[in-house]
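All of the numbers you see were taken from the coordinates with simple rules; none came from a lab. All of these numbers come straight from a predicted model, not from anything done at the bench. Neighbour counts are summed over all protein chains in view; Cβ atoms, including those assigned to glycine, are modelled from backbone coordinates with ideal geometry.
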Amino acid sequence: MGDPRKQRRKYETPRFPWRTDVLNSELRLIGQYGLRNKRELWRHKTTLSRFREIARSLSGMPTEQRERLEKQLLDRLNRLGILPETAALDDVLDLSLENLLERRLQTMVFNKGLAKSIYQARQLITHGHVAIDGKRVPSPSYLVLRDEEAKLAYAPTSKLSTPNHPIRAAISAEGQAKPDLRGGRRRREGTEERA
């Protein structure tokens, strides 16, 4: 944990920050997932690289120690909803940044249809209109656990919890009429995504 007066960076910057392909890919991900700035993106990249680093270090360990630590890592990633239960250690090395960004609260709120855009999802979260199991979560970058996914809804004390609120009516009308900002039609549960 450490002293709160001595905060440390939770991200690593790119090795070559001015390469055009790196800049374009970062900009595309920031727009697609509604991130506030590149530091948010770098924080998730660092988290992913730490998972990969643990998986690589496990491959060189003795068998009995490796099995215990491998099970812990795979259980954690399964709890986060990033990997399925039947995943192996090689699947950790195949993870992409998009797999991690899809588990953010902001993305889950948008995909579930609680907001009409990824940016409105961020606004609703920071203003306290979104709750998980009745408890407000003010951080858009919160990684939603697999068992919390079904408990995601409007906060009970929020004015948006009433079905006849004007913003909810606009969201439902928008969801039926327009494609989303991320390239295809809005993804709803039980529907196929068109690219």
GNM on the chain, Cα springs under 10 Å; top mean-square fluctuation among PRO84, PRO156, PRO166 goes to PRO166
Residue by residue through segment 78-87, the couplings from Karplus 6.51 cos²θ - 1.76 cosθ + 1.60 with θ = phi - 60°, in Hz, x for Gly and Pro, are 5, 4, 6, x, 7, 10, x, 5, 8, 6
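How large is the dipole of segment 20-100 about the Cα centre if only Lys and Arg carry +1 and Asp and Glu carry -1, each at its Cβ, rounded to the nearest 20 debye? Before the final figure, lay out each step's value.
Details: 14 positive and 13 negative charges, 97 e Å.
Magnitude of the dipole: close to 460 debye.
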Under Stokes-Einstein, segment 80-162 at 37 °C and 0.692 mPa s, with its Kirkwood radius over C-alpha pairs, diffuses with a coefficient in µm²/s of 247
Sparse-neighbourhood loop hits (trypsin sites (Lys or Arg not before Pro), segment 1-39; DSSP loop; Cβ within 10 Å at most 14 others) -> ARG5, LYS6, ARG8, ARG9, LYS10, ARG15, ARG19, ARG36
Per-residue ellipticity at 222 nm attributable to helices in the chain (runs of n ≥ 4 DSSP H, -39500 (n - 2.57) apiece, nearest 500 deg cm²/dmol) works out to -14500 deg cm²/dmol
In degrees rounded to 10, the 0-90 angle between helix 38-58 Cα long axis and the longest Cα principal axis of the chain is 40
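Work out the length of the dipole vector of the chain about its Cα centre, built from +1 on the beta-carbon of each Lys and Arg and -1 on the beta-carbon of each Asp and Glu, and round it to the nearest 20 debye.
Details: 39 positive and 25 negative charges, 206 e Å.
Dipole about the Cα centre, nearest 20: 1000 debye.
Quick one: if you take sqrt(5λ) for each eigenvalue of the C-alpha gyration tensor of segment 20-100, what semi-axes come out, biggest first, whole angstrom? Spell out each step's value before the answer.
Numbers: eigenvalues 164, 34, 18 Å².
For segment 20-100, the semi-axes come out at 29, 13, 10 Å.
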Taking Cα atoms only, helix 20-33 is inclined relative to the longest principal axis of the chain by an angle, in degrees rounded to 10, of 50
In a Gaussian network model of the chain with springs linking alpha carbons closer than 10 Å, the residue among GLU53, GLU26, GLU64 that fluctuates most is GLU64
With DSSP loop assignment and no more than 12 other C-beta atoms within 10 Å, the chymotrypsin sites (Phe, Trp or Tyr not before Pro) in segment 1-63 are TRP18
Here the alpha-carbon Rg of the chain over 2.2 N^0.38 Å rounds to 1.15
